[in-house]
Structures are given as C-alpha cells and as structure tokens.
1. Any residue in the range 40-59 that's closer than 15 Å to residue 29 by Cα and of a type in the set (A, V, I, L, M): show its pairings with residues that are surrounded by 12 or more Cβ atoms within 10 Å (Cβ to Cβ) and at pLDDT below 75 at Cβ separation under 8 Å, as long as the two are six or more apart or on different chains.
2. Go through the residues of the range 37-52 one by one and say whether even a single one is at pLDDT below 60 and farther than 21 Å from residue 5 by Cβ.
3. Looking at the range 1-30, which of its residues are surrounded by 13 or more Cβ atoms within 10 Å (Cβ to Cβ), of a type in the set (Ser, Thr, Tyr) and in contact (Cβ under 8 Å) with a residue 24 or more places away in the chain?
Amino acid sequence: MIDRIFEENPSMNEVYPGDTHYILEAFVIAEGSIEFFDLGQSPICCESLALEKASVTEKTFSSRRSVLVAVRVQVFARSSASRTEAP
C-alpha cells in the first residue's frame, strides 16, 4: 500500500526519499470526517472530506493546526493497528 501511495503522490518522494517510504504506516479511516493537506502544492492545499454519514465543517488552514492533525492521525493509526493485531 505504501508503494501505491507514493505512485499516486510523487511529491512525497522529496519528503521521504528512497527506503524512508517505509517508516510510514498506512491505515484506513472507514467513517468520520477528515482534513488533509497536500504539501506538494504551493500554496498548501487543505481539503475537508466526510466519510460515510459524517458531516464536514469547513475550517481555515493554519500551520500549527496541520501539525496537530498529523500527530492525531499518527496516534490514531498506531492505536487502530494495535487493536487489530492478533494476540
């Protein structure tokens, strides 16, 4: 899945060159609302999406908030992975 992510987002190769791709953890968010930031564009693109029946609240971009979102996503991905692993 990581290889596909880099194929579809080639600008990420500048941030994560070579084998550093594999320090990332791929995950799926099945329901809820999310914000994502395309750091490969200038200015940075920020979009909000609703998954399933969730609603989206449009917000303005701030670099401080983007760091917090990235940290929350990373924590969510790790906690979700630990719940799905077999004992």
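The values are calculated or read from the model by the stated rules, or taken from the named source; none is laboratory data. Source: prediction; values computed, not measured. Heads up, the Cβs are rebuilt from the backbone with ideal geometry, glycines too, and the neighbour counts pull from every protein chain shown.
1. So the pair list comes out as 49/56; 50/56; 51/29.
2. If we filter the range 37-52 for residues that are at pLDDT below 60, which is where we start, we get none.
Checking the range 37-52: not a single residue is at pLDDT below 60 and farther than 21 Å from residue 5 by Cβ.
3. None; the set is empty.
A quick yes/no check of all residues on (1) aromatic (Phe, Trp, Tyr); (2) part of a loop (DSSP other than H, G, I, E, B):
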| position | (1), (2) |
| --- | --- |
| 5 | no, no |
| 13 | no, no |
| 22 | yes, no |
| 28 | no, yes |
| 37 | yes, no |
| 42 | no, yes |
| 50 | no, no |
| 53 | no, yes |
